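Written below as structure tokens is the structure these notes are about.
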Amino acid sequence: MEDDGGITTNADRTVEIVKKADSQWAGINLDIGNFPDNGYAQIEMCAPYATNVHFKTAVHVNRQAVPADWPRVLKILGAAGYKGYLALEYEENADPLGIVPKLIAKMRETIGAA
């Protein structure tokens, strides 16, 4: 399940649903940019249940989109024992052909430093 609005807008509800599924096959497709507020706290709540992570360029703090602190996100994921994939999900307005390769390089650099 992905945290992507509706009943999965907040981590507490998303985690509750996964727990109630009570299955080793149920997990969270964690999208770090989809929580409308308190993004880092909500990422931390979901991280132990993450099966995949969508890395984005922004996280919401105080109901405002701010540049994502990727090292901080990696620390949260590491503390939760996450060992899966990190997929860049680019949703900005700038031309993806010019920016995505730079973001991939930044991801690799950030992961290498973690």
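Here is a yes/no grid of residues against (1) modelled with pLDDT of 95 or more; (2) polar (S, T, N, Q):
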residue: M1; (1), (2): no, no
residue: L30; (1), (2): yes, no
residue: G39; (1), (2): yes, no
residue: Q42; (1), (2): yes, yes
residue: T51; (1), (2): yes, yes
residue: H54; (1), (2): yes, no
residue: T57; (1), (2): yes, yes
residue: P71; (1), (2): yes, no
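Filter the stretch 17-39 down to residues that are surrounded by 13 or more Cβ atoms within 10 Å (Cβ to Cβ) and charged (D, E, K, R) and give me whichever is farthest from R63 (Cα to Cα).
Ranking the candidates gives D31 first.
If you take the residues in the stretch 51-60 that are surrounded by fewer than 21 Cβ atoms within 10 Å (Cβ to Cβ) and within 15 Å of T14 (Cα to Cα), which one is nearest to the chain's Cα centre (by Cα)?
My answer is N52.
Quick one: how many residues across the stretch 82-98 are under 16 Å from A58 (Cβ atoms) and either modelled with pLDDT of 95 or more or not aliphatic (A, V, I, L, M) (or both)?
Count: 9.
Could you give every pair whose Cβ atoms fall below 8 Å, whose first residue belongs to the stretch 41-64 and is at positive phi, and whose second residue is basic (K, R) and not in a helix (DSSP H, G or I), counting only separations of at least 6 or pairs across chains?
Hits for this filter: zero, empty list.
The values are calculated or read from the model by the stated rules, or taken from the named source; none is laboratory data. Just so it is clear, the structure is predicted and the values come from calculations on it, not from any experiment. Note that each Cβ is placed from the backbone with ideal geometry, even for glycine, and that neighbours are counted across all protein chains shown.
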